[in-house]
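Just below is one structure, and these are the notes that go with it.
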Amino acid sequence: MSFQLVKEIFLDNWPMYLRGAGMTIVISVISTILGAIIGLLIGVVRTIPESATRGKRVILKVVNTIFSAYVEYFRGTPMIVQAMVIYYGSALLFDIHLNRFVAAIIIVSINTGAYMAEIVRGGITSIDEGQFEAASAIGMTHFQSMFNIILPQVIRNILPATANEFVINIKDTSVLNVIGVTELFFQTKSITGNNFKFFESYFIASGIYLLMTFTITRILRHFEKRLDGPQNYDLVGNQMQV
Amino acid sequence: MERVLDIQSLRKSFGNNEVLKNINFSVDKGEVVCIIGSSGSGKSTLLRCINLLEKPDGGKIIYNGRNILESNINVYEYRTRLGMVFQQFNLFNNLNVLNNCTVGQIKVLGRSREEAEEIAMKYLKVVGMDKYINAKPRQLSGGQKQRVAIARALAMEPDVMLFDEPTSALDPEMVGEVLKVMKELAEMGLTMLVVTHEMGFAKEVSDRVVFMDKGVIAEEGEPEQIFNNPIQERTREFLRSTLQAV
């Protein structure tokens, strides 16, 4: 291997690498956001306190069982297999012929959602009981306290774990090549199909993956700091404090 | 006197531990009632049952003539009529001081932001925290947090203020600033129900003192009578042990 060769391959194929990287990023960003929303919604529903009326209790039980099954299935099976099952299954069973890009988004989102549901549940349980009580005490309903008080704190707390999911998604979208999504791995495979320089071509791909994950981590770290707000506050009015 | 709260044969158990056994008492408008008693006597549970943070097992809570334990009562609306101040402050950690006092008004009472801020400022001034509106709870001392918590409850303009050991988690030097605010509120004619270990406050500020022991109201009466002339032996016992410690 020579760096000369790596450089040549990159210069010859950079539009393909770029398109692949773009696809990887787009799928990861959209799916991480959608996955986080799925996780938050499941988290909110799962923490609804037990209702006094029997009907509501039964409905809640059924919904929670469905959520549990969802989480278990998607955490307990490889995404590469899920991709096959959903992409070919939707065509075979429901006659829905998904666009590969849409299929990719769906697969990664619901996969992320399963993990995020557990992360959010942990995040909600870690919030001090007093926050719920204070919200209830001023007359907030479960959903009001969730959206105004609890979730803003949960989101801050789960941000590091979400960043983790994001990084995992950037890497794991590579498995989507099995259903022909033209992400970075797929593009690299195409490049090697022409030049047969497997090591050099994939070495470039690894560099691009690393660049993406590293950048994303930095951006999210910065975002965390912004969410924390300033460390100082200004007193209002110019009198001395009493 | 207009009766605001009337508690009738209230019962509450945690498992087989009966915490409240047949509690009967009432609060009139403008009255300041202090509930005293040793730890584990059920004082806090009683307060938490009144605003339904704990679900009572039996009995009635009559608020303005209606039993709020009946199933057709809107619990959320009822809770807005009671202001609760917690031992651990429980300020909303994600919101600054001003928004702590406006969020309930805006989201629950449906007031406009301008109106909510105006009302919040009014009560933040009462507790002397109006200069700190931009601070986050974690940047405040315990006493400051508790004063904001009082303003948050007041901003909902409740009929009754419930205080659950509001000074028990405070450093000794901060107890004074919170008690001072509470005393001012009492003088403003607010209806207050205070669970406290501050015997000085109970003696000086309250119209009536309720002594609880082992899940029942052992004795109730005017502060002079309870503190100087308790009828029950266990009241005497309790007062001797607490006052001695000071």
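Before moving on, here are some points about what is shown:
- With the highest mean first, a sort of the peptides A:93-106, A:2-15, B:146-159 on other beta-carbon atoms found within 10 angstrom per residue produces B:146-159, A:93-106, A:2-15.
- Bridgeable lysines around A:Lys225 (alpha carbons under 18 Å apart, same-chain partners fewer than 8 residues away excluded): B:Lys136.
- With 0.36 nm allotted per residue and the present C-alpha distance subtracted, the A:Val63-A:Val85 stretch has 5.6 nm of extension available.
- Sequence-distant lysines (8 or more away, or on other chains) whose Cα lies within less than 28 Å of A:Lys197: A:Lys7, A:Lys171, A:Lys189
- Å² of accessible area per residue within the protein assembly as shown, as computed with a 1.4 Å probe and no ligands counted: 49
- Amide H to amide H, with H built 1.01 Å from N, B:Val194 comes under 5 Å of B:Val33, B:Cys34, B:Ile35, B:Phe163, counting only residues 5 or more places away or on other chains.
- The charge dipole of the range A:3-228, taken about the Cα centre with unit charges on the Cβ atoms of Lys, Arg (+1) and Asp, Glu (-1), comes to about 140 debye, rounded to the nearest 20.
- Between 0 and 90°, nearest 10: helix A:54-76 axis offset from chain A longest Cα axis: 30
- Buried on assembly, the range A:133-179 (at least 20 Å² less accessible surface than by itself, 1.4 Å probe): A:Glu133, A:Ala134, A:Ser136, A:Ala137, A:Ile138, A:Gly139, A:Met140, A:Thr141, A:Gln144, A:Asn148, A:Ile149, A:Gln153
- The peptide list A:18-25, B:236-243, put in order of mean Cβ contacts within 10 Å with the highest first, becomes A:18-25, B:236-243.
- Anisotropy class of the range B:33-101 from Cα gyration tensor, a/c 1.5 cut: oblate
- Shape class of chain B from the alpha-carbon gyration tensor: oblate, with a/c at 1.5 or above and b/c at least as large as a/b.
- Contact order normalised by residue count of chain A, Cα under 8 Å, 6+ apart, percent: 33
- Accessible surface buried by the A/B pair amounts to about 2500 Å², both sides summed, 1.4 Å probe.
- Hits among aspartates and glutamates - C-alpha to C-alpha of A:Lys61 under 17 Å, sequence gap 8 or more where chains match: A:Glu50, A:Glu72
- Listed residue pairs exceeding 19 Å between alpha carbons, taken from B:Lys122/B:Lys183; B:Lys145/B:Lys180; B:Lys125/B:Lys145; B:Lys55/B:Lys203: B:Lys55/B:Lys203
- Overall form of the range A:3-228 per C-alpha gyration tensor (a/c, 1.5; a/b vs b/c): oblate
- Residues in the range B:133-148 occluded by at least 10 Å² - accessible area, probe radius 1.4 Å, against chain by itself: B:Ile133, B:Asn134, B:Ala135, B:Lys136, B:Arg138, B:Gln139
The values are calculated or read from the model by the stated rules, or taken from the named source; none is laboratory data. The shown structure was predicted, so the numbers you read here are calculated from the model rather than taken from an experiment. Glycine also receives a Cβ, built like all others from the backbone with ideal geometry; neighbour counts cover every protein chain displayed. In case anyone asks, the SASA skips ligands and DNA or RNA and just uses the protein heavy atoms, side chains included. Shrake-Rupley method; radii C 1.70, N 1.55, O 1.52, S 1.80 Å.
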